[in-house]
Amino acid sequence: MTLFVGLGNPGSQYEETRHNIGFKVIDALVEEHGARDISKSAFYGALYRTASTLFLKPTTFMNLSGKSVLPVKQFFKIEMDDIIVIHDDIDLPFGAVRFKRGGGHGGHNGLKSIDSMIGKEYLRIRIGVGKPERKSQVADYVLHPFSDEEKLYLEKIIAHVTKAADALTHNTLDEVKSRYSLKSIEGLSR
């Protein structure tokens, strides 16, 4: 069983923010696979399922994401190798897509929470959202909506990451990296 976790914050005021791109990818995957809702309060999130895959959107707010991932991992006895977390990354330019297993959290509170609850050796799909000029602006930046120009590319980025996520369930990490990694938005026009 593979568990995809998309990071974001619950509530309509956060829906269109940079921090919620993980939620948007999960929504696309759930729709594509026709996954059914199996949410329970014990999971602290919206949980969807197909025969071989789970899709989770923690509803704990970003900085407590691990509180949702841990009970799902335990209940379904999911191995670390089968957990894939999809999240925004300010250290990548807008539209960049990268894949890695383990590593640091880079100041991302959602990853920090998951690391503290289950460890770091899960797979990550990192989606670049760009970064503000000053470090002091980071929190405000990720909680703001994408610019009008960025919104023009969002559907393409989400579709690209959805394909990459599907590929991860039946290809090696290296194969997915070579086919789906993007340096920036320019890579999408191929």
In the neighbourhood of R126 defined by beta carbon distances under 11 Å, the net charge of the other residues (Lys, Arg +1; Asp, Glu -1) is 0
Label-point gap, in nm, between L64 and D81 - each point 7 angstrom along Cα→Cβ = 3.4 nm
Over the range 12-131, what number does the Rg to Rh ratio reach, with both radii from the alpha-carbon atoms and Rh per Kirkwood?
-> 0.93
V85's amide H: which non-local residues (gap 5+, or another chain) put their own amide H closer than 5 Å, with H modeled 1.01 Å from N in plane and none for Pro or chain starts?
-> V5, L123, R124, I125
Compute the relative contact order of the range 1-72 as a whole-number percentage, counting only Cα pairs closer than 8 Å that sit 6 or more residues apart in sequence.
-> 36 percent
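Restricting everything to alpha-carbon atoms, can you work out Rg to Rh for the range 68-190 with a Kirkwood hydrodynamic radius? Working shown, then result.
Numbers: Rg = 15.0 Å, Rh = 15.4 Å.
Radius of gyration relative to Kirkwood radius: 0.97.
Just the number, please: Stokes-Einstein D of the range 1-73 in µm²/s, Kirkwood Rh from C-alpha pairs, 10 °C, 1.306 mPa s. Don't skip to the end; give the middle numbers.
Working: Rh = 12.0 Å.
The diffusion coefficient I find is 132 µm²/s.
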Cross-link list K120/K177; K112/K177; K57/K183; K40/K177; K120/K163: which exceed 29 angstrom alpha carbon to alpha carbon?
-> K40/K177
C-alpha center-to-center spacing [the range 58-108, the range 145-190] in angstrom = 17 Å
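Coordinate-derived values only; no laboratory data. Bear in mind that the values here come from a model prediction, so they are computed numbers and not experimental data. Here the Cβ is made from the backbone with ideal geometry for all residues, glycine too, and neighbour counts use every protein chain on show.
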